[in-house]
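First the structure, in the form of structure tokens, and then the observations on it.
The values are calculated or read from the model by the stated rules, or taken from the named source; none is laboratory data. Computed from a prediction, not measured in an experiment: that's the story for all the values here. Here the Cβ is made from the backbone with ideal geometry for all residues, glycine too, and neighbour counts use every protein chain on show. Ligands, DNA and RNA are stripped out before the accessible areas are found, and what is left, the full protein with its side chains, is counted by its heavy atoms. Shrake-Rupley method; radii C 1.70, N 1.55, O 1.52, S 1.80 Å.
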Amino acid sequence: DLRGEWRVYHRGGVLPGVVKILHAGTTLYNDFHSEAEDLVAANDCICRRDGWQVDMASSDVDTLRWASQDGEAYTWRRIQGLKDFAVGDPVAWFGTHSKIPEGSTGTVVGFAETRVRVEFPEGTLPANPTDLR
């Protein structure tokens, strides 16, 4: 089920705003709907009506890797909430931090208001759940 909120990444950075996937593939970009950007299932792939397709081989239920016909690429990552984590969960870091490289793995050790406290080899970080998988 792909319903939920997603962050869009392009060329190493996160784009502002949120994509919401609703029932039946309807999408909202920052709460704005464009029918051309709704998702459809066709020929064993997930596509948008404007020609973008999900690379099914490198995508999963929490990461969608999109490619256009002209070679442009974007990645959507599902926004995780605090309720999606438990103490002891292994997580991967996809945020920006001076001491913790992207892709580092750590363990959830607790929670602080809107943050997930994660212990990495480099130290403990109160991480934004959107930066974890």
Q. Where only protein heavy atoms count, and the probe is 1.4 Å, what is the accessible area per residue for the range 1-80 in Å²?
A. 59 Å²
Q. Picking from THR114, TRP93, THR26, whose Cα lies most toward the positive end of the charge dipole for the chain (charges on Cβ: Lys, Arg +1; Asp, Glu -1)?
A. THR114
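I'd like the carbon and sulfur percentage of the solvent accessible area for the range 1-107, probe radius 1.4 Å, heavy atoms only, ligands and nucleic acids excluded.
51 percent
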